[in-house]
Structures are given as structure tokens and as C-alpha cells.
Amino acid sequence: MATLKLTNLVKHFDDVVAVDHIDLEVADGEFVTLLGPSGCGKTTTLRTIAGFYYPDEGEVYFGDRIMNNIPPNKRDTAMCFQSYALFPHMSVWDNISFGLKMRKMPASEQKIKIERVMEMLSLSELGKRKPGQLSGGQQQRVALARSIVTEPEVLLFDEPLSNLDAKLRVQVRVEIREMQKRLGITAIYVTHDQDEALAISDRIVIMEQGRIEQIGDPYTIYRHPETQFVAGFIGLANIFDGVVLEVEGTRCTVQAPFGNVLINAEGQEVPHKGATIHFSWRPEDMKIRDRTSKNQITGNVLQAVFMGDITDLFIEVNGYKMRAQSDDEAKIVAGDSVSFGIAEHAFSILRE
Amino acid sequence: MKKKDKMTPFIILMLIPGVGFIVFFIGSSISITVLQSLGFFNMMGESGFTLGYWKSILSSREAIDSLLFSLRMGILSSVGTVLVAFPLALFFRKSGPAKGMLGSIIKVPLFIPALVAAFLILNLISYHGLINTTLMRLNIIDEPLRMLNDSFGWGVITIQIWKNLPFVLLILMSAISSIRDDTIDAARNLGAGYWSVLFRIYIPLAMPGILVAMILMFIKAFGDFPITSVAGPVYPSSVANRMQIMANLYQEWNQAAVLGVIIIITTFFVIWAYSRFAELVQGGA
Ligand SMILES: Nc1ncnc2c1ncn2[C@@H]1O[C@H](COP(=O)(O)OP(=O)(O)OP(=O)(O)O)[C@@H](O)[C@H]1O
Ligand SMILES: [Mg+2]
């Protein structure tokens, strides 16, 4: 078990900067997710931690040991590869036992651990098969079993659930999380599924073009995105620009294109009067027919999409489009004029 | 169950040239050789079934020595070439500019006929060849080493390896190039050092290619004529050389045919053993 620290990490591929000055500290036993669009450097970061790439700049620490020049086989990590990377010539059992064999664990002890992890991932029946005889989802579970069975200092997951069906995905991610908590292993988990990231993580690292946009626990990332990218990437958001007309403590009156809004920046950096700011709020923060909130907005419904528990609304306010949600009983259809209230604490002020 | 493809007249027509060729030339020549070894199709004298030719070959000291010599050349050349080629194939796995150059040079012997190759190497390892001259000039040895026509056959093995290295290298490189980088990375990640990666990943995954290379090399070296003629020991000769001696020198065509059948049988046996072994290595996959 160990803390993990990346300082000022840079990794180039010729002229592509895959990882661009990353700083990250992960506590012992913490579960941190790297989340970001395709090509943002998640896999590269993970492979640098595992030791397949040596950083061009910066350091990788496990605890207080600098790992920069330690080869992968001397680092106590276990990686679950995006491509599974199973050994095609070995049975499922031999694949899973490989890491234990390399650690020279006695066979009787290996057997107990392998059987337990196979049971956990519903692989018990498949021990004798070769990877070529498994479905994609089964291969993924073997890859998962092979990495977690070694109980390393640091577990590295590269989109380990992308090929499972929705139900199994939720089930396995809960199992991964429970096992990681029970064993207290530090884990770095890569995904581009935001629901997965929100559900499983202690903290989420949002990456974009090799840089870190924001680090925070799932609640903070969702409720208080700090940048336009994060606000737009996680969940749905209405993002607008505005000029600060008045500042009173943490409360600002902002002139937005669709009208003035009152934003309470409590817990955020309070902007100066006269500044131009970007701000966002979530569709579910628009409370339908809520007369008590400070911000009152009336809009025309352009489109209403019934989703079962909620209705997704695309509305137009003074010529500007925004999204809202309604969990109201009353049926809403395109063309309706609807009023909303937005609480003053619902807004996030965003950096560029 | 998949339904078998129907043999339409069109398909049969298309197959006639290829299959016909195989059946007519290869099939008939092999059967004639087999029959000759049993006393039929006699060139001189009368034809008729007899095991006499087999008896005289199997009881002849020279023939048995030739057989053992050819087996030794086949096995050692095939093992030797693969041992030299495998590390090279691993080295060439990742291409690079310098490697491209080196790779082209290594392929040169592929385009040189075996007999010419043998003469080329001759200059190097003969009694008064380059290596001996150099070693003597440097005062490392007092007397030239006997590397050619040595009674064991090292000269033959050296030339076989030199000549067939690129061919075996090509087979091994294609076997190794099908191993994914991720597979290697996964093994390293799980704690495998270089030797474990070599013995648990590279070699087993390249095993089908290794086997093919060894079989083809064995068959080549076992049935070799030109290289043994030039660089082989004075005695024994290879089976192929013995065949030529029997036929041309002694006019014993039937005994030559027996030797030919022995080469064919050995080849078939080796291929059969290979397919059994390949099944074992590959297991269920
Ligand atoms: N081996 C490599 N050689 C050259 N460029 C690479 C290599 N690996 C990654 N890159 C580049 O580095 C950038 C980051 O790639 P990376 O694989 O880390 O992205 P990712 O966040 O894992 O994306 P995805 O979600 O699609 O897996 C990309 O622009 C990619 O093209
Ligand atoms: Mg990736």
C-alpha cells in the first residue's frame, strides 16, 4: 500500500504532448478516477505510473521513493489493460495465476486467492478455457481478475468495464470498489463514463489535452465545476457569459444576455464588479413554477422529451436557448410558456 | 453443422492443373522410386519383387554412417539456425533505421544458391582461408585449424546456418510480430523479468513458427547435396551424396532408390511428428 505522487509530469510522443505538466497526489487507499475525452492522456498517465513510459519531465513517487527509472516488473502495480492483453496461449487459470507465480507464491496459497477472485467475477466455470474461447466481457473479467489477484501497492484500471453490459458493469464496479476498500489498495481508474466516475470515486481528476482541468470529489465536480470544460463535460449544463453589475458580500448581480441573474458565490471566488464572467447551472436547478427562488425566468418550450421519471425541456428565454427538467405531474408540450425559479446558490462561476 | 461445399464441374475443372500436376509428377515419381527400391522398374537386368536392395543398404556400414551423418547435420543445423535466428528476430521486432539496413544485409544469403554460398564460405574457413590466415598473422594459432571437411561436419553446419539464417529469420520474425506489445507489457507489469518474458511469453507464442522453421531446416539439411559435397567430411558422405555415388559410380539404381525412400520416409515422419507436437503445444486453442 502506498501513496502515489506525480509532480510536474510531462510525456511527449514526437510532437504530441500526451501528458502536459500534471501534478497529482493520491492518498494511501484512495480511489481516484481519471476522466476525460478520448486522447486526453489518461492511458499515457497510467502507463507512466506502471513504468511502460519513462517521463520526459517530472517525477513519479510511490510513497517517498522516486520510481522514474524503475522498470515495470520492479514496481508493485497491477494494470488492467484497455485491450485486456490476456496471454493467448494460457488458460484462464494460468492467466490469473501468472502474477502470483512471478511473486513466487506457494501453489496452495495461489489456489485460494485465484478461486476467490474467480468466484467474485463469475469466472469459476471458465478456468480451463483459453482467452480465444471467451466473449469480450468474459475476457475483460479475466483481465480484471488477473490484476486484482496480485493485491499490489497500486492498482491501475484502464477502462476495465467498457465491454460489459449495463447491469454487469454496475455489479462489477461495486465489486471492484468493495474489494479495493477491503484491501486498502490505492487505485487509479480510467474511464470516460461519467456516471461510473461519479459512482465509484473518492476523487475525480478531469483531464483535457494532457492537462488537469479540475480535481475534486464527485459532489464538488458535479455541483461546482470550475471551468467551462468541466461544466460541459460532466452532466448537462447551461453556460453563459455575463458582466458583474453589483457585488454585495458573496452575492453578485450579473447581467446575462437573457436577463439579469443573482448569483451567490459563497464558497467560490467572488468576482469583481465590472468583470466579465462565465457561469453555469444544471437543468435540474431550474425548478418549474417555483415562485420562491430569487431568480425568476419565463421561457417558451421548444421541445419536451418525456424520459419516464423526468421530462427533458429545451426552452427559449428572450431568444437564448437553455435546458431544463421537469418532474412535474402536468404534461408539458412544445409551445407552452413555463416559469422557472433558480436558487442563488445553484450557479458555478467558471474559469476559461 | 456447415454444409459441405458442392464440387461443381467448374471447381473440378479449376483443380485439374494443380492436383493433376501433384498426382502425376510427384505421386508417380515417388511411387516409381518406392517400387524401384523393391526391385521393380529395373534399369538393367530383370525386374521383380525383392527386399535384397533394402537388406544390402541396411547392412552396409557406409549407408548407415551416411544416414547417421545426415541426421546429425539435419538436427544440428536446424537447432543451430533457430538458436542464432531467434535473438535476431527479437532484436528486429521493433523496426528502426539502423535495423532496416542490417536487416537487408542479413537477407543477402537468401538470394545466393547453396552451392555458390558454400564456395563463398569456403574462402573464409578453408585451410588457407581468411580466418586461419588472420589468426596465424595475429599469432593466436601456430597451425591452421581444420574447419572444412572436418569429420564431424562443423563446416557443413556453419554454411547451413549462414545460408538459411535469413529464411529462418523471416519465419521467426513473422511469428514474433504477431505477439502484441500489450501482451509483453502485461507480463512485465505482473512482475516478469526478461527471462520470464522470454520463456513464458515469446517462446511459447512463437512456438508454431519455431517448429515450422526447425522442420523446414531439418529437411533441407538432412537431404542436402551441394554443401556437404563442398564442405563435408571425406567420410561419411550425406545420404544424398551416397545416393549419387551409388547411382553414378556403382550403377546401383535400386540401392540409390532405397536411400531416396529413406529420405522421403524421414521427411514424412518429421512432418507427422511436427503436426502431433503442434497439436500438443497449441492445446485446445
Ligand atoms: N505510443 C504512442 N505514440 C504516439 N502517440 C501516442 C502514443 N500513445 C498515445 N499517443 C497520443 O497521445 C495522446 C494521448 O493518448 P492516450 O492514449 O493517453 O489517450 P486516452 O485519454 O487514453 O484516450 P482514450 O480514451 O481514447 O483511450 C493522443 O493524442 C494519442 O494519439
Ligand atoms: Mg486510453
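Table for the structure above
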| item | result |
| --- | --- |
| Output for region A:92-122, where each listed residue is part of a loop (DSSP other than H, G, I, E, B) and within 9 Å of another protein chain (Cβ to nearest Cβ) | A:103 |
| Candidates B:179, B:159, B:219, B:215 - the one that is outside any loop (DSSP other than H, G, I, E, B) and either within 14 Å of chain A (Cβ to nearest Cβ) or surrounded by 21 or more Cβ atoms within 10 Å (Cβ to Cβ) (or both) | B:159 |
| Residues within region B:246-270 that are in a helix (DSSP H, G or I) and more than 20 Å from residue B:29 (Cα to Cα), tallied | 2 |
| Qualifying residue in region A:64-75 (condition: in a strand (DSSP E or B) and within 16 Å of ligand 1 (Cβ to nearest atom)) | no |
| Number of positions in region A:59-87 that are within 13 Å of chain B (Cβ to nearest Cβ) and either over 26 Å from the mean Cα position of the chain (by Cα) or under 11 Å from residue B:186 (Cβ atoms) (or both) | 14 |
| Scan of region A:4-58 for residues that are away from ligand 1 (no atom under 13 Å from the Cβ), away from chain B (no Cβ under 14 Å) and open to solvent by less than 60 Å² (accessible area, probe 1.4 Å), ordered by number | A:4, A:6, A:7, A:24, A:26, A:27, A:29, A:30, A:31, A:32, A:55, A:58 |
| Which numbered condition residue A:81 misses (of (1) within 16 Å of ligand 1 (Cβ to nearest atom); (2) more than 24 Å from residue A:189 (Cα to Cα); (3) among the aromatic types (Phe, Trp, Tyr)) | (2) |
| Test: residue in region A:197-207 that is open to solvent by 40 Å² or more (accessible area, probe 1.4 Å) and of a type in the set (S, T, N, Q) | no |
| When residues of region B:189-212 are limited to those that are crowded, with 21+ Cβ neighbours inside 10 Å and small (Gly, Ala, Ser), the one farthest from the other protein chains (Cβ to nearest Cβ) | B:209 |
| Enumeration of residues in region A:237-286 that are open to solvent by 60 Å² or more (accessible area, probe 1.4 Å) and on the phi > 0 side of the Ramachandran plot | A:249, A:267 |
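Residues checked against (1) within 14 Å of chain B (Cβ to nearest Cβ); (2) out of contact with any Cys (no Cβ under 7 Å at 6 or more places or on another chain); (3) modelled with pLDDT of 90 or more:
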| residue | (1), (2), (3) |
| --- | --- |
| A:124 | no, yes, yes |
| A:130 | yes, yes, yes |
| A:147 | yes, no, yes |
| A:152 | yes, yes, yes |
| A:163 | no, yes, no |
| A:179 | no, yes, no |
| A:189 | no, yes, yes |
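The values are calculated or read from the model by the stated rules, or taken from the named source; none is laboratory data. These numbers were taken from a predicted model, which means no experiment stands behind them. Here Cβ is always computed from backbone atoms with ideal geometry, including for glycine, and neighbour counts include all displayed protein chains. Each accessible area value is taken on the protein alone, full model and side chains, heavy atoms only, with ligands, DNA and RNA left out. Shrake-Rupley method; radii C 1.70, N 1.55, O 1.52, S 1.80 Å.
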